[in-house]
Amino acid sequence: MKTKTVASSIVAAIVSCACLFMFVPTATAAEGVTVTSTKSFPSYTQVRKDLTTEATATSVEDNADWGGIENLDVPQTESQAEKDAAAAKKAAEEEAEKQAEVEAQATQEQANAASRNESRSSVTYSDASGSVSAGAGASIDRAYSLLGQSMDCTALVSQALAARGINFHGWPEEYVNVPGGHVVTDGSLQPGDILIYANTGGWNGGAHYDHVALYVGNGQAVHGGWNGYSVALASAMTEKLTIVVRIP
């Protein structure tokens, strides 16, 4: 038994020596190889701050007053709803101002009309002496040619003016602005004069003067819109006359 143990030990020693000699050449060959490893790192420059010069100490008293929130200078902005409300308010104010201007103008026009009616209530109209101008004659001829036709008062007078080369049409009171015309204030009437009435009982009373006609002499005028919209020769109605416009 002891002999077997010794023999086993000898065999193990021999195997170990054989393994050693097998790996030695490999190790020797490996030792003859030079392996070089190179690793590069990026260069950088580090700037170090001088903390001793940048640090600033400020001494503040414990009871120093820095102010409250009311001291903050903060820009104030409006929300979209506030902007819309402000725009709506401004638009309403502007509309109210315009409406007030319109009402004031209407009141002034009514006052002016009343003043004219009052001042003319005592005027006595009479035919002025003198010959009829060529332009007035042309207007009268055109007015007579339209008798019996269906036409309102403004269309009749505009047709008469067109016969003398004047192109104009408007509300009855607007004929005071006929080109070349002027308002007659001495109570005289001449054939060819434009007669303007503020209120003859027509539907235009209030908003506008309600009638205009062409004087043809002898207390008569040619009226459009007479007795159901026809052109007729009738009284000049001087008792209701408001303005007389004459074109030389």
Checklist entry - Between Gln105 and Ala85, what length comes free when the chain is fully extended (0.36 nm per residue of separation minus the Cα-Cα distance, one decimal in nm)? => result 4.2 nm
Checklist entry - What FRET efficiency would be calculated for the residue pair Tyr229, Asp141, taking the C-beta separation as r and a Förster radius of 30 Å, to the nearest 0.05? => result 0.85
Checklist entry - Taking N as the number of residues in the range 134-240, what is its Cα Rg relative to 2.2 N^0.38 Å? => result 0.96
Next on the checklist: Using a 7 Å offset from the Cα along the Cα-to-Cβ direction at both Ala96 and Thr124, what is the distance between the two label points in nm, to one decimal?
Outcome noted: 5.5
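Every read-out reported here was derived from the displayed coordinates using simple, explicitly stated rules and does not represent laboratory data. Worth saying up front: this structure is predicted, and the values here are computed from it rather than measured. Ideal geometry is used to build each Cβ from the backbone, glycine not excepted, and the neighbour counts take in all protein chains shown.
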